[in-house]
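Here is the structure we will look at.
The values are calculated or read from the model by the stated rules, or taken from the named source; none is laboratory data. These figures come from a predicted structure and were not determined experimentally. Cβ placement follows ideal geometry from the backbone for every residue including glycine, while neighbour counts extend to all protein chains displayed.
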Amino acid sequence: MLTGKTILMGITGSVAAYKSAELVSQLVKCGAQVEVVLTRAAQEFVSPLTFASLTGRQTWTEMFAPGPTPIPHIRLAEQAEAVLIAPATAHVVGRLAHGLADDLLTTLVLATRAPVIVAPAMNVQMYRHRAVQDNLERLKALGYHVMAPGSGWLACGAVGEGRLPEPETILAVLEEVLGAGTELSGRKVLITAGGTREPLDPVRYIGNRSSGKMGYAVAEVALEMGAEVVLITAPTALAPPSGAVVIPVETAAEMYQAVLEHFPGVDIVFKAAAVADYRPVKAASQKIKKQGQPLIVELAPTPDILAELGRRKTRQILVGFAAETHDLLDSGQRKLAEKNLDLLVANDVTRPGAGFGSDTNIVTLIFADGSVKELPQLGKKEVARRILAEVVKMVDKE
């Protein structure tokens with residue numbers, strides 16, 4: 001699993017940094033190409049020369065070091081297939097949890113698309129501190145893979161949690177994370193995202209509050225799992241995920257046509273877009289001027305894309321999304337049955353942390369067999385991982 005993989009190893013200022021030399025040595029023996037980044041504090045415990053000797057490569061210590069690579073945080077971020085931070089101090093955990101980037105390691109973590117594994121190591125009381133626990137939970141919600149520390153005798157003389165896990169344990173987690181990129185290999189996935197816009201005149205439109213973040217997160221995770229992704233997206237402010245075939249649309253009718261065109265050739269569909277239910281019967285050719293009188297606009301229903309896919313599906317797994325404001329379960333179960341879905345992802349957008357534009361979500365998974373699974377508040381990418389994990393189970397049963 002590790003042969004030929006480029007692993008970026010971040011080492012921070014913990015006394016456990018001495019264990020990182022053995023971990024790097026084992027990675028090299030497994031055939032990995034290891035790039036080591038030492039923070040300034042880590043260099044108080046271990047030497048850059050140690051890791052240069054083990055890897056046969058430059059050890060990275062500065063973001064603006066002179067040389068042939070003037071901005072190493074970008075090159076390293078792009079080349080890495082996994083980032084492993086071991087040991088991770090309480091300070092670094094806190095900086096990562098809040099998106100701070102003031103050195104080479106934290107900057108490249110923000111710049112990479114590779115999975116990031118964090119192995120905390122610190123004093124037991126530091127580890128148990130509420131702020132540290134909150135930061136670790138925040139990292140999980142943001143999609144980081146956070147390892148539990150080992151327990152036992154610590155360098156400070158205390159006994160308890162906080163030990164850096166043994167190299168064998170860390171390697172096993174690394175292999176598991178890297179292996180996670182093959183679950184949907186050979187599968188073609190269609191995802192819709194964003195909120196459609198129905199023109200009222202050349203200036204105005206009827207739209208909704210969807211940011212597209214949930215659909216884009218699903219696309220990113222599907223790509224990480226090895227799927228071929230077609231992303232049909234209404235306008236958003238988000239950058240399209242690298243590797244996806246992106247088809248921009250604006251109206252519900254345009255999305256309907258694009259989805260039906262690609263539907264026969266895909267294996268899985270995630271209908272995460274917020275599609276307008278109604279459109280103006282006639283859009284004005286010129287801007288409608290304000291005249292101080294009520295404006296009456298006649299609306300007509302738009303095509304029901306999800307219902308049409310439910311009627312047409314043969315072998316495809318069909319996943320719908322429902323943004324509700326009340327009667328979440330009843331409405332969701334009814335929608336799942338009426339539209340012939342395999343899974344419905346429902347959320348109450350009135351709940352804090354679950355509304356439009358939020359970076360987190362609180363969803364309930366409703367399955368065709370009647371079972372229900374409620375998820376806690378999580379980052380949208382972690383929600384996407386949980387949804388994809390359930391879909392992989394369905395794929396495995398085929």
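Being free of Cβ contacts under 8 Å to residues at least 60 places away in the same chain, surrounded by 19 or more Cβ atoms within 10 Å (Cβ to Cβ) and in contact with a Leu (Cβ under 7 Å, 6 or more places away or on another chain), is that true of even one residue in the range 13-23? Talk me through it step by step, then tell me what you get.
Step one: filter the range 13-23 for residues free of Cβ contacts under 8 Å to residues at least 60 places away in the same chain, giving 18, 21.
Next, from what is left, pick out any that are surrounded by 19 or more Cβ atoms within 10 Å (Cβ to Cβ): none.
No - not one qualifying residue is present in the range 13-23.
Working only within the range 36-45, note down all residues that are surrounded by fewer than 24 Cβ atoms within 10 Å (Cβ to Cβ) and touching a helix residue (DSSP H, G or I) at 6+ places or on another chain (Cβ under 6 Å).
Applying the first criterion (surrounded by fewer than 24 Cβ atoms within 10 Å (Cβ to Cβ)) to the range 36-45 yields 39-41, 43-45.
Within the range 36-45, Thr39, Phe45 qualify.
Name the strands (runs of 3 or more DSSP E) wholly within the range 315-398 that hold at least 3 residues that are buried (at least 19 other Cβ atoms within 10 Å of the Cβ)?
317-324, 343-348
Restricted to the range 241-251, and to residues that are touching a residue at least 24 places away in the same chain (Cβ under 8 Å) and not hydroxyl-bearing (Ser, Thr, Tyr), which residue is nearest to Lys381 (Cα to Cα)?
Just the residues of the range 241-251 that are touching a residue at least 24 places away in the same chain (Cβ under 8 Å), to begin with: 241-242, 244, 249-251.
Subsequent filtering for residues that are not hydroxyl-bearing (Ser, Thr, Tyr) retains 241, 244, 249-250.
Values: Pro241: 12, Ala244: 16, Val249: 23, Glu250: 24 Å.
Among those that are touching a residue at least 24 places away in the same chain (Cβ under 8 Å) and not hydroxyl-bearing (Ser, Thr, Tyr), it is Pro241.
How about the range 167-211: which of its residues are part of a loop (DSSP other than H, G, I, E, B), free of Cβ contacts under 8 Å to residues at least 60 places away in the same chain and on the phi < 0 side of the Ramachandran plot? Explain how you work it out, then say what you get.
As a first pass, look at the range 167-211 and keep what is part of a loop (DSSP other than H, G, I, E, B): 183-187, 194, 196-197, 200-204, 207-211.
If we keep only those that are free of Cβ contacts under 8 Å to residues at least 60 places away in the same chain too, we end up with 185-186.
Passing the criteria: only Ser185.
Where residues in the range 221-244 are over 23 Å from Ala80 (Cβ atoms) and not β-branched (Val, Ile, Thr), which of them is surrounded by the fewest Cβ atoms within 10 Å (Cβ to Cβ)? Step through it out loud before you land on a result.
Narrowing the range 221-244 to residues over 23 Å from Ala80 (Cβ atoms): 230-237.
Now drop any that are not not β-branched (Val, Ile, Thr), which leaves 231, 234-235, 237.
Working: Leu231: 28, Ala234: 26, Pro235: 16, Ala237: 9.
Among them, the one singled out is Ala237.
Are any residues in the range 254-298 closer than 16 Å to Arg311 by Cα, hydrophobic (A, V, I, L, M, F, W, C) and in a loop (DSSP other than H, G, I, E, B), and if so, which ones?
If the condition is that a residue be closer than 16 Å to Arg311 by Cα, hydrophobic (A, V, I, L, M, F, W, C) and in a loop (DSSP other than H, G, I, E, B), then Val266 is the only one that fits.
Give the residue that is farthest from Asp267 (Cα to Cα), with candidates limited to residues of the range 146-185 that are β-branched (Val, Ile, Thr) and modelled with pLDDT under 85.
Ranking the candidates gives Val159 first.
Going through the range 245-283 one residue at a time, which ones are among the aliphatic types (A, V, I, L, M) and buried (at least 21 other Cβ atoms within 10 Å of the Cβ)? Outline the logic, then answer.
Looking only at the range 245-283, we keep the residues that are among the aliphatic types (A, V, I, L, M), and these are 245-247, 249, 252-253, 255, 258-260, 266, 268-269, 272-276, 281, 283.
Residues satisfying the conditions are Val249, Ala252, Met255, Val259, Ile268, Val269, Ala272, Ala273, Ala274, Val275, Ala276.
Going through Val28, Val37 one at a time, which residue ends up being under 22 Å from Glu175 (Cβ atoms), of a type in the set (Val, Ile, Thr) and assigned to a helix (DSSP H, G or I)? Talk me through it step by step, then tell me what you get.
Working: Val37 fails: assigned to a helix (DSSP H, G or I).
Result of the check over Val28, Val37: Val28.
So, Gly186, is that one surrounded by fewer than 19 Cβ atoms within 10 Å (Cβ to Cβ) and either within 26 Å of Val391 (Cα to Cα) or of a type in the set (Asp, Glu) (or both) or not?
On the way: surrounded by fewer than 19 Cβ atoms within 10 Å (Cβ to Cβ): yes; either within 26 Å of Val391 (Cα to Cα) or of a type in the set (Asp, Glu) (or both): yes.
So Gly186 passes the test.
If I ask for residues that are of a type in the set (Gly, Ala, Ser), crowded, with 19+ Cβ neighbours inside 10 Å and assigned to a helix (DSSP H, G or I), which ones from the range 86-127 would you list? Explain how you work it out, then say what you get.
Step one: of the range 86-127, the residues of a type in the set (Gly, Ala, Ser) are 86, 88, 90, 94, 97, 99, 101, 111, 114, 119, 121.
This time we only want the ones that are crowded, with 19+ Cβ neighbours inside 10 Å, so: 86, 88, 90, 97, 114, 119, 121.
The answer is Ala90, Ala97.
Which of the residues spanning the range 245-303 are within 25 Å of the chain's Cα centre (by Cα) and among the basic types (Lys, Arg)?
Lys271
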